[in-house]
Amino acid sequence: MSETHVGELVDLLELERLEDNLFRGQSRDIGTRFVFGGQVLGQALSAAQRTVDPKREAHSLHAYFLRAGDINAPIVYNVERTRDGGAFSSRRVVAIQHGQPILNGSISFQEPETGYEHQMTMPEVPAPEDIEPMHAMNAEQVAKLPEKTQRWLGINGPFEFRHVWPRDEMRPAKRPPYQHIWFRLTAPIEDTLALHQALLAYASDFHLIGTATLPHGISYLTRNMQMASLDHALWFHRPFRIDEWLLYSFDSPTSQGARGLARGMIYTRDGRLVASTAQEGLIRVRPD
């Protein structure tokens, strides 16, 4: 089944071209109430990639989530060709549903160049083979959850995650605001950097804002908890394959005003830093 799910995800990023700068994408119901934010990020990047010289690679993406996406309606992506310079290209992308923007993003591309290099060292963590795969919740726990959440937890998705420090999302204990998670696509895909980047944009939304909940002993399953991504930044540093193990290293420096800030660094298993992320998200306890 993993190849089927991976194929569905790749197809999800293959947008329908309506006009030179206008694209339409469908949504995949993964059991969430609204469209998964990572899906809109990946599709927005895919739309922008199709308006740029293929020799130019995405190096940064900055986006604001403006409205929750309707899982049952298509999303139209309007790409503005802001600038094509000697080495860089800039694109502005607006994702639209029901006549209203749900995401506003800017993406920058660059022709590959050589220059000075340095990077932060990858944390010392166990290899993914030495970590137990994620276990499904037992039937009694699942029965207490809303139907949508049950489907979200029950789907054997296109990505595999292995947590260095697993926690019980139903009964989360308080702990420091950082975590490390290995992840990879569960089946091999073609060797096209643009596709791997779009899939990483999709996956980069997993677990990021959740890092800001760790010191408070709460999770997305906590009663009366409202959580949503507000913005997202992603920088690509070096080539990678998303169908090979990558380490996502998270930390959350602050949480306040019903918002939490989280950051991430993504490494290959041999220690190359290939991408960095940052996100602020809503973390609000709603009254009964």
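The C-alpha atoms of the chain define a longest principal axis, and helix 193-203 lies at about 30 degrees to it. Working from Cα positions, state the angle (0 to 90°, nearest 10) between the long axis of helix 37-49 and the longest principal axis of the chain. Approximately 10 degrees, to the nearest 10. The amide H of residue 274, built 1.01 Å from its N in the peptide plane, has 266, 267, 268 as neighbours under 5 Å, considering only residues 5 or more places off or on other chains. Ordered from longest to shortest, the equivalent ellipsoid semi-axes for the chain are 29, 23, 19 Å, each the square root of 5 times a Cα gyration tensor eigenvalue. Our summary gives region 170-219 a relative contact order of 78 percent, counting only alpha carbon pairs under 8 angstrom and 6 or more residues apart.
The convex hull defined by the C-alpha atoms of region 62-124 has an orientation-averaged projected area of 7.5 nm².
Quick one: putting +1 on the C-beta of Lys and Arg, -1 on the C-beta of Asp and Glu, what dipole do you get for the chain around its Cα centre, in Debye to the nearest 20? Present the calculation step by step, with values, prior to reporting the outcome.
Working: 30 positive and 35 negative charges, 217 e Å.
Value, rounded to 20: 1040 debye.
The separation of region 190-223 from region 102-132, counted between C-alpha centres, amounts to 14 Å.
Restriction of the trypsin sites (Lys or Arg not before Pro) in region 166-226 to DSSP coil positions whose beta-carbon has at most 13 other beta-carbons within 10 angstrom yields 174, 223.
First select every other residue whose beta carbon is under 11 angstrom from the beta carbon of residue 212; then total the charges, Lys and Arg +1, Asp and Glu -1.
Combined, the nearby Lys, Arg, Asp and Glu give 0.
Can you tell me the orientation of helix 2-13 relative to the chain, as the angle in degrees between its alpha-carbon axis and the longest Cα principal axis, to the nearest 10? So the helix axis and the longest Cα principal axis differ by about 50 degrees. The overall shape of region 218-288 is prolate: from the C-alpha gyration tensor, with semi-axes ordered a ≥ b ≥ c, the ratio a/c is 1.5 or greater and a/b exceeds b/c. For the options 268, 277, 222, a Gaussian network treatment of the chain with springs between C-alpha atoms closer than 10 Å singles out 222 as fluctuating the most.
Using just the helices of the chain, give the 222 nm mean residue ellipticity in deg cm²/dmol: DSSP H runs with n ≥ 4 each add -39,500 (n - 2.57), and the total is spread over all residues, rounded to 500. Mind dumping the intermediate values first?
Values: 5 runs with 49 residues, N = 288.
Computed mean residue ellipticity for the chain: -5000 deg cm²/dmol.
Each Cα pair under 8 Å and six or more residues apart adds its separation to the average, and for the chain the resulting relative contact order is 19 percent. The stretch between residue 67 and residue 160 holds 30.6 nm of extra length on full extension. This uses 0.36 nm per residue minus the Cα-Cα distance.
Sort 57, 8 so that the residue with the fewest other Cβ atoms within 10 Å of its own Cβ comes first and the one with the most comes last. If you can, show how the numbers build up before the last one.
Details: 57 16, 8 12.
Ranking 57, 8 by Cβ neighbours within 10 Å, fewest first, gives 8, 57.
Values quoted throughout were computed directly from the atomic coordinates according to the rules given, and no laboratory measurement underlies them. All of these numbers come straight from a predicted model, not from anything done at the bench. Cβ sites come from the backbone with ideal geometry, for glycine too, and all protein chains shown count toward neighbours.
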